[in-house]
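> A single structure is presented below for examination.
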Amino acid sequence: MMAKLDKGKRQAARQGLLIVVVALLTVQVTSLLQFAYSKYTVTQEANRRAEGQLEATELHILGVMDQVETAVRNAVWSVQQQLQRPDSLAAITRRMVENNPVVCGSSVALTGRNIAPYSHEENGRVVTSTLATEEYDYQHQEWFLKPLELGKGYWSEPYYDEGGGNMLMTTYSVPVLNKKGHPAAVLTADVSLDWLTELVGRVQVYPDAFSMVVSQSGQIMVCPVETLVMKKNIHELASSMEEAEQFHQLNSSLLSGQPGNATYRYEGKVHRIFFDSVPRTGWSMSISIPQDEIYADMKRMGWVVLLLQLLGLGLLGLVLYVTVRNQRKLNQVSLSKSRIEGELQVASSIQMSMVPKIFPPYPERSEVDMFAAMDPAKEVGGDFYDFFTRNERLFFCIGDVSGKGVPASLLMAVTRSLFRTVSAHERSPQRIVTTINESMAEMNENNMFVTLFCGVLDLRSGHLRYCNAGHNPPVLVTPKGNRTLPMVANLPVGVMQEMVFSEQEEDLVPGTGIFLYTDGLTEAENHAKELFGEDRMMEILRADISSRQLIGDMTAAVHGFAAGAEQSDDLTMLYIRFMNNQLAGETERHLILHNDIQQIPQLASFVEAVAEIAHLDVTLTMSLNLALEEAVSNVIMYAYPPGSDGLVDVEAVVRNDELEFIVSDNGVAFDPTAAPEADVSLDVDERPIGGLGIFLVKNIMDRVSYTRSDDGKNILSMTKILS
Amino acid sequence: MDVRINETENVTTVELEGRLDTAVSQEVAAALQPVIDKAGKIIVLDCRDLDYISSSGLRIFLTVRKAAAAAGGKVIVRDISTEIRQVFMMTGFLNLFEMQETPKD
């Protein structure tokens, strides 16, 4: 058993572990897939955001440039018209500054002649001066030479205007051709890039992301570190860094003019950089985002998910542990439960084998027809019935032990055994019940008791003697109707010792039935809690059907009534039909005695038994006893020689209207009828002591005859006519 | 069968209880021998508890009666049952004994 349990335990543990592992794998695989997908979408999202931002900024920059380029182009025509009148060129530059907010300075510088009027904004006003000074020498400046060289508009490298207003500036300059198509002047517009710093500074796709704009040569135009702006170019910057190589590579990608993205390490952190070039200017713009920041939300979520998973797994483990433990307990409980059920099954069959179950029990007897049914509410019950025949009497009983189940069934077995033991030598129901009560009350420590009806039916005469110890009164079922047997109120057996029980009697006419039952019948309940009751029972009881059919009808009726409601009490029924009086036939009784005078008292019970069969009264019984004793004692005393062994055979034959005693022996031939009789009229002095015996025999009996048989037997026949 | 003998100066009372059949008759006869030996007074045979009597019992009664007659005594049979009275009648014993009934209360 223990090995079995251990095995079960190990198996349960293995199953539990398997479930946890499978759950873990499933959760982890899904999580990883989910994580990978999330990472992909987050990356996509970061790309989209960065690229979108770059594009938007670029568009803004281009918008400003377009504005400037358009303004400049429009002014070119005016300059061409005024080339011959240099004095008016200053006015053009003035208008340029006044009419275009983004343009903060403008000049027209002539080739060949040293004329270059210049207007610029200063403290909200437009001031006009000239660039044609000795120190400046505009004709050798990049902004002047480059457009002429290219033959088209040119955006200068950004520069820091330290003289004008400490601003980051760039200049757009276009060549102006004269009527002959030769370059005659250069028209410029200075544009402040302050807005660019502001615009790019606004770009905040992630909290720690930063943007940079560099010129075509790598000059830093916009950068979160202000000290670097216009002071360093990115090549110098890269060289000053650790892991300079990666930054040099990055710089080439950045300045290639192609859009793209890359990663780099800076101060131990991985950054992702997105870049693109701004058309026409040759500038490059980039956004750097710390990789951690891109995936920060995802990582946070990842931790939360992991925590939840661990909690879930822990919970699953706990649930499994509890389930497995409960299952084991349940297994143990159901194991012992099934053992008890098995034992109860055996107990049930033992109990059922204690009561007679073969019907008809006496197929050879036509004088009695009986049937019984016992249906315990549980496997075993406290109801019982029993019957047997002895000396032409049917001994029967029905009982109901207080309580139900196993304790009741044990007491039931005891009571039934007592009934068998006691009634083996008692034929008075009153004495049977009294003896059972004495035994049971003596050992009754649990204060259980038994209602018991005990009856003895003379199968010859239909004479019923009964004693009822607190049981439901049986019903007499007669062709004329049903009635309950009259009952004296006796207590149940087992209550207390020395109780006096009353016996009652009743003569049954042939065709009468006795219906015995326990209260499980009348107190059977239906779903509405109504009782089956005596009225319903009485309706079923009929004298003209067999005992089997009657019990069958009653069972069907009570089941039909209960309609599936749970049976609350044991249900037992016993039905005995007394069929016909066998006095019409012949009954014989035998008794064999030794030639010992001490055996004479046996005659008393023999005669009493015969008298019961013939249903004789007490006086006649005593007379017959006397006559038989005289005949038998005569044989005992005189038939055999003194000291020798011999037998006396006594036979009683009960016929319809007479009773015959036949006394026979193997002794010496002797005819008692021939012996002198006592003369009862003599006075005391003359009366002889002997001779009274045969006188009594002849006087009590109606016919007395003696024969000596051929095989050497004395046969004395004495007949009494029964009125 | 029980036999109880109660003697006073003039009266000997014999209480008989049970069945006086052939089996016990010798015993009872032996028990009554002292009564028979001193039969010259009043002998009361109390049959209140006598259930049965056979001819052997009747013979004991007759023996006592004869002894009393010889010794000048007297035998009274008291309170016999209906059944035994019938036997007494049948055998003419009713004429041989003085019968007495204790009035029932």
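> Please verify whether the range A:426-436 includes one or more residues that are farther than 17 Å from A:MET499 by Cα and buried (at least 16 other Cβ atoms within 10 Å of the Cβ).
Residues of the range A:426-436 that are farther than 17 Å from A:MET499 by Cα, as a first pass: A:426-427.
Narrowing the set further to residues that are buried (at least 16 other Cβ atoms within 10 Å of the Cβ) leaves A:426-427.
Yes, because at least one residue in the range A:426-436 is farther than 17 Å from A:MET499 by Cα and buried (at least 16 other Cβ atoms within 10 Å of the Cβ).
Condition check ((1) out of contact with any helix residue (DSSP H, G or I) (no Cβ under 6 Å at 6 or more places or on another chain); (2) more than 30 Å from A:THR197 (Cβ to Cβ); (3) touching a residue at least 60 places away in the same chain (Cβ under 8 Å); (4) among the β-branched types (Val, Ile, Thr)) across all residues:
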residue: A:GLN15; (1), (2), (3), (4): yes, yes, yes, no
residue: A:VAL27; (1), (2), (3), (4): no, yes, yes, yes
residue: A:TYR40; (1), (2), (3), (4): yes, yes, no, no
residue: A:TRP77; (1), (2), (3), (4): yes, yes, no, no
residue: A:ALA109; (1), (2), (3), (4): no, no, yes, no
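> Looking for whichever is touching a strand residue (DSSP E or B) at 6+ places or on another chain (Cβ under 8 Å) and under 17 Å from A:VAL186 (Cβ atoms) here; the options are A:LEU62, A:LEU89. Which one fits? I'd like the intermediate steps shown before the answer.
Values: A:LEU62 fails: under 17 Å from A:VAL186 (Cβ atoms).
From the options A:LEU62, A:LEU89, the qualifying one is A:LEU89.
> Right, A:GLY646: on the phi > 0 side of the Ramachandran plot and surrounded by fewer than 22 Cβ atoms within 10 Å (Cβ to Cβ) or not? First the steps, then the outcome.
Values: on the phi > 0 side of the Ramachandran plot: no; surrounded by fewer than 22 Cβ atoms within 10 Å (Cβ to Cβ): yes.
So A:GLY646 does not fit the description; no.
> Then there is this: So, A:VAL305, is that one surrounded by 11 or more Cβ atoms within 10 Å (Cβ to Cβ) and under 29 Å from the mean Cα position of the chain (by Cα) or not? Please lay out each step first, then the result.
Numbers: surrounded by 11 or more Cβ atoms within 10 Å (Cβ to Cβ): yes; under 29 Å from the mean Cα position of the chain (by Cα): no.
So A:VAL305 fails the test.
> Separate question: Under 7 Å between Cβ atoms, at least 6 apart or on separate chains: pull out the pairs that start in the range A:111-123 with a residue that is touching a residue at least 24 places away in the same chain (Cβ under 8 Å) and end on any residue that is part of a loop (DSSP other than H, G, I, E, B).
That search, which allows pairs on different chains as well, returns A:ASN114/A:ALA132; A:ILE115/A:ALA132; A:TYR118/A:LEU131; A:HIS120/A:GLY164.
> At pLDDT 85 or above and part of a helix (DSSP H, G or I): which single residue out of A:LEU5, A:LEU32, A:LEU24 fits that description?
Values: A:LEU5 fails: at pLDDT 85 or above; A:LEU24 fails: at pLDDT 85 or above.
After ruling out the rest, the residue left standing is A:LEU32.
> For the range A:41-49, indicate whether the set of residues that are out of contact with any strand residue (DSSP E or B) (no Cβ under 7 Å at 6 or more places or on another chain), on the phi > 0 side of the Ramachandran plot and either hydrophobic (A, V, I, L, M, F, W, C) or surrounded by fewer than 16 Cβ atoms within 10 Å (Cβ to Cβ) (or both) is non-empty.
no
> Based on what the data block shows, is A:SER605 assigned to a helix (DSSP H, G or I), at negative phi, within 14 Å of another protein chain (Cβ to nearest Cβ) and in contact (Cβ under 8 Å) with a residue 60 or more places away in the chain? Full working, then the answer.
Details: assigned to a helix (DSSP H, G or I): yes; at negative phi: yes; within 14 Å of another protein chain (Cβ to nearest Cβ): yes; in contact (Cβ under 8 Å) with a residue 60 or more places away in the chain: no.
For A:SER605, the condition - assigned to a helix (DSSP H, G or I), at negative phi, within 14 Å of another protein chain (Cβ to nearest Cβ) and in contact (Cβ under 8 Å) with a residue 60 or more places away in the chain - is not met.
> Moving to a separate point now. Return the residue satisfying two criteria in turn: it lies in the range A:137-157 and is in contact with a Ser or Thr (Cβ under 9 Å, 6 or more places away or on another chain) and either among the charged types (D, E, K, R) or free of Cβ contacts under 8 Å to residues at least 24 places away in the same chain (or both), and of such residues it is nearest to A:VAL174 (Cα to Cα).
Keep residues of the range A:137-157 that are in contact with a Ser or Thr (Cβ under 9 Å, 6 or more places away or on another chain), which gives A:138-139, A:142-144, A:146-148, A:153-157.
Next cut, either among the charged types (D, E, K, R) or free of Cβ contacts under 8 Å to residues at least 24 places away in the same chain (or both) only: A:142, A:146, A:154, A:156-157.
Details: A:GLU142: 12, A:LYS146: 9, A:TYR154: 6, A:SER156: 11, A:GLU157: 15 Å.
Filtering the range A:137-157 for residues that are in contact with a Ser or Thr (Cβ under 9 Å, 6 or more places away or on another chain) and either among the charged types (D, E, K, R) or free of Cβ contacts under 8 Å to residues at least 24 places away in the same chain (or both), the one nearest to A:VAL174 (Cα to Cα) comes out as A:TYR154.
> Are any residues in the range A:115-146 of a type in the set (D, E, K, R) and in contact with a strand residue (DSSP E or B) (Cβ under 8 Å, 6 or more places away or on another chain), and if so, which ones? Write out each step before concluding.
Of the residues in the range A:115-146, the ones of a type in the set (D, E, K, R) are A:121-122, A:125, A:134-135, A:137, A:142, A:146.
Those that are of a type in the set (D, E, K, R) and in contact with a strand residue (DSSP E or B) (Cβ under 8 Å, 6 or more places away or on another chain): A:GLU121, A:LYS146.
> Please enumerate the residues belonging to the range B:86-105 that are more than 14 Å from chain A (Cβ to nearest Cβ) and not charged (D, E, K, R). Before the answer, list the steps.
Taking the range B:86-105 and keeping what is more than 14 Å from chain A (Cβ to nearest Cβ), we get B:99-105.
Result: B:MET99, B:GLN100, B:THR102, B:PRO103.
> In addition: Please state which of the following conditions B:VAL14 fails to meet, knowing it meets all the rest: (1) more than 10 Å from every other protein chain (Cβ to nearest Cβ); (2) free of Cβ contacts under 8 Å to residues at least 12 places away in the same chain.
Going through the list (1) more than 10 Å from every other protein chain (Cβ to nearest Cβ); (2) free of Cβ contacts under 8 Å to residues at least 12 places away in the same chain, B:VAL14 breaks only (2).
> Tell me which of these B:ASP46 doesn't satisfy, since it passes every other one: (1) more than 16 Å from B:ILE5 (Cα to Cα); (2) touching a Ser or Thr at 6+ places or on another chain (Cβ under 7 Å).
(1)
> Right, A:VAL668: under 14 Å from A:TYR638 (Cβ atoms), at pLDDT 85 or above, assigned by TED's automatic domain parsing to the domain that holds A:THR621 and buried (at least 19 other Cβ atoms within 10 Å of the Cβ) or not?
Working: under 14 Å from A:TYR638 (Cβ atoms): yes; at pLDDT 85 or above: yes; assigned by TED's automatic domain parsing to the domain that holds A:THR621: yes; buried (at least 19 other Cβ atoms within 10 Å of the Cβ): no.
The answer is no for A:VAL668.
> Out of A:VAL76, A:VAL97, A:VAL68, A:VAL108, which single residue is assigned to a strand (DSSP E or B) and not small (Gly, Ala, Ser)?
Numbers: A:VAL76 fails: assigned to a strand (DSSP E or B); A:VAL97 fails: assigned to a strand (DSSP E or B); A:VAL68 fails: assigned to a strand (DSSP E or B).
Every option except A:VAL108 fails the conditions.
> Could you list, in sequence order, the residues of the range A:507-516 that are exposed (fewer than 14 other Cβ atoms within 10 Å of the Cβ) and out of contact with any Leu (no Cβ under 9 Å at 6 or more places or on another chain)? Outline the logic, then answer.
First, the residues of the range A:507-516 that are exposed (fewer than 14 other Cβ atoms within 10 Å of the Cβ): A:507, A:509-510.
Passing the criteria: A:VAL509, A:PRO510.
> When the residues of the range A:617-634 are narrowed to those that are at pLDDT 90 or above and among the hydrophobic types (A, V, I, L, M, F, W, C), which ends up surrounded by the most Cβ atoms within 10 Å (Cβ to Cβ)?
Here the residue is A:LEU626.
> Something else about it: Looking at the range A:276-333, which of its residues are among the polar types (S, T, N, Q) and either in a strand (DSSP E or B) or closer than 30 Å to A:ALA13 by Cβ (or both)? Spell out how you get there, then give the answer.
From the range A:276-333, those among the polar types (S, T, N, Q) are A:277, A:281, A:284, A:286, A:288, A:291, A:309, A:323, A:326-327, A:331-332; that's our starting set.
Scanning the range A:276-333 gives A:SER277, A:SER284, A:SER286, A:SER288, A:GLN309, A:THR323, A:ASN326, A:GLN327, A:ASN331, A:GLN332.
> Working only within the range B:74-85, note down all residues that are more than 10 Å from chain A (Cβ to nearest Cβ), touching a Cys at 6+ places or on another chain (Cβ under 9 Å) and surrounded by fewer than 21 Cβ atoms within 10 Å (Cβ to Cβ).
Passing the criteria: B:ARG78, B:ASP79.
> Tell me which strands (runs of 3 or more DSSP E) are completely within the range A:623-723 and hold 1 or more residues being within 13 Å of chain B (Cβ to nearest Cβ), or say none if there are none. Show your work before the answer.
Values: elements: A:647-654, A:658-665, A:703-708, A:714-721.
Filter on the range A:623-723 gives A:647-654.
The values are calculated or read from the model by the stated rules, or taken from the named source; none is laboratory data. This structure is a prediction, so every number in the text was calculated from the model and none was measured. Neighbour counts run over all protein chains shown; Cβ positions are idealised from the backbone, glycine included.
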